[in-house]
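The values are calculated or read from the model by the stated rules, or taken from the named source; none is laboratory data. Predicted model, so just to flag it, every value in this text is computed and none were measured. Cβ atoms come from the backbone with ideal geometry, glycine included; neighbour counts cover every protein chain shown.
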Amino acid sequence: MKSKLTYQKAYNELAKLVEEIEDETMQLDTLAEKIKQANELIKYCEKKLRSIENETNELKGE
Amino acid sequence: MTNPQKLSELINEIDATMRMAFAGKTFWIKAEITDVKKQPDKRWCFLKFIEKNGNIITAEMKAVFWANTYSAIENFETNTQQIFASGLEITCCVRVRFHKRYGLDLEVLDIDYAYAIGKLELERKQTLEKLVRENPSIQLLSSGNYSTINNRTQLPLVIQNIALITAPNSDGQRDFYTVIEKNKYGYAFSITPFLTTIQGDNSSRLILQQLQLIQSSKQQFDLVAIVRGGGSDIDFKSFNDYNLAQAIALFPVPIFTGIGHDRNTSISDLMARQHKTPTEVATYILDNNMNFEQDLESLRDRFFDVVDDLIESAKSNLVHYKQRIKNLSPQTILQKGFAIVMQNNKIITNPEDIELNSEIQTLLRKQIIHSTVTKKTNDEK
């Protein structure tokens with residue numbers, strides 16, 4: 001699967017996205033991609049906060 | 001051997017001698033206590049006083065607390081926050097008694113708590129000094145707190161995988177689980193219990209073993225919680241143990257202690273992150289995760305505020321450009337009464353290009369005027 005995302009990584013990436021988008025030289029044509037990334041990071045954290053199953057399944061699978 | 005005495009005659013004589021020597025007298029003695037047998041229902045306590053030279057017992061005598069002085073034990077426990085149990089050295093006031101059947105013993109009349117407290121404080125001070133002296137990573141701060149590898153280790157953003165050291169079926173365990181499992185945010189946790197006796201003589205060694213188990217476990221833990229609850233205000237001894245405190249100070253995973261005490265801070269507490277009760281440990285964990293979620297939400301809000309702004313400003317730019325383009329369009333110009341001059345289907349911008357007697361077309365709002373050039377003059381404006 002995708003490389004191991006952690007809360008710390010997700011948070012840092014989201015913070016980076018916010019900085020990028022707050023930068024005035026932001027290109028509009030990359031906006032859709034950035035929105036998609038931000039949504040995925042937030043969804044990841046929100047889901048992980050409320051379900052421990054993923055973790056244990058991953059452990060079992062290893 | 002003539003006329004042997006009856007046993008009772010000899011004992012009477014001993015009794016009389018003892019009375020003569022000790023009747024009405026009390027003595028303050030300092031001794032270690034052992035074989036302590038408390039009978040709280042009857043409010044009696046049997047024990048032995050001993051004195052040692054190295055490991056050899058050099059003096060020993062039975063002793064007893066009766067109901068009228070049993071409260072001295074309870075006061076001792078409340079004031080010194082340690083259980084009145086074998087191994088303690090105490091200072092107490094005694095009376096020498098001789099019973100014709102049960103023999104010689106000491107009746108304890110009072111205990112000097114100040115002595116016990118002073119001794120405990122000295123031990124505590126010595127342990128703390130030794131920790132700092134022998135472990136360079138443990139530092140005494142000017143605030144009186146201690147900085148250790150353990151309490152310097154940064155807490156993870158989210159605490160979800162918890163190793164819980166507690167006594168089986170204890171109030172502490174129950175309180176901790178209740179708060180964690182009934183959290184209103186719906187956060188999920190994985191709690192792995194490491195159960196052991198957490199009170200009494202051996203417990204510091206047993207807790208230490210559990211820490212070693214956690215460290216060698218394959219599972220990755222975000223946090224270790226050591227909790228003890230349910231009113232027991234005494235017996236802090238195990239948490240002041242040098243080896244346990246040292247292990248906690250050096251432990252790589254952050255440790256929260258919640259060993260149920262308001263008034264006192266054990267040495268183990270000082271080496272870790274102290275919370276007062278199991279409930280407070282659990283509440284802190286929930287708050288920690290909630291703070292993360294709030295930070296996440298504020299980042300999300302910031303992000304989408306900017307997105308909204310960007311889209312909004314792009315939209316208004318578009319409207320602006322549309323207007324400018326419209327203003328510049330030939331149609332708009334013609335509406336305003338200007339004309340466009342053309343020749344051979346080309347717009348003429350340079351009047352030099354137009355020759356006398358040639359045909360030109362003049363575009364007005366709705367019609368094209370065809371004409372022949374008869375004269376060219378310079379505009380004198």
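Tabulated results
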{"quantity": "Filter result for B:Ser238 (at pLDDT below 95 and touching an Asp or Glu at 6+ places or on another chain (Cβ under 6 Å))", "calculated": "no"}
{"quantity": "Qualifying residue in the range B:281-304 (condition: part of a helix (DSSP H, G or I), loosely packed, with under 14 Cβ neighbours inside 10 Å and more than 41 Å from the chain's Cα centre (by Cα))", "calculated": "no"}
{"quantity": "Verdict on B:Gln335 being surrounded by 10 or more Cβ atoms within 10 Å (Cβ to Cβ) and polar (S, T, N, Q)", "calculated": "yes"}
{"quantity": "Residue count for the range B:166-224, restricted to those that are of a type in the set (Gly, Ala, Ser), within 14 Å of chain A (Cβ to nearest Cβ) and loosely packed, with under 14 Cβ neighbours inside 10 Å", "calculated": "2"}
{"quantity": "Filtered residue count, the range B:338-370, keeping only those that are part of a loop (DSSP other than H, G, I, E, B), touching a residue at least 12 places away in the same chain (Cβ under 8 Å) and surrounded by 10 or more Cβ atoms within 10 Å (Cβ to Cβ)", "calculated": "7"}
{"quantity": "Residue in the range B:316-332 that is without any contact (Cβ under 8 Å) to a residue 60 or more places away in the chain, out of contact with any strand residue (DSSP E or B) (no Cβ under 7 Å at 6 or more places or on another chain) and not in a helix (DSSP H, G or I) present", "calculated": "yes"}
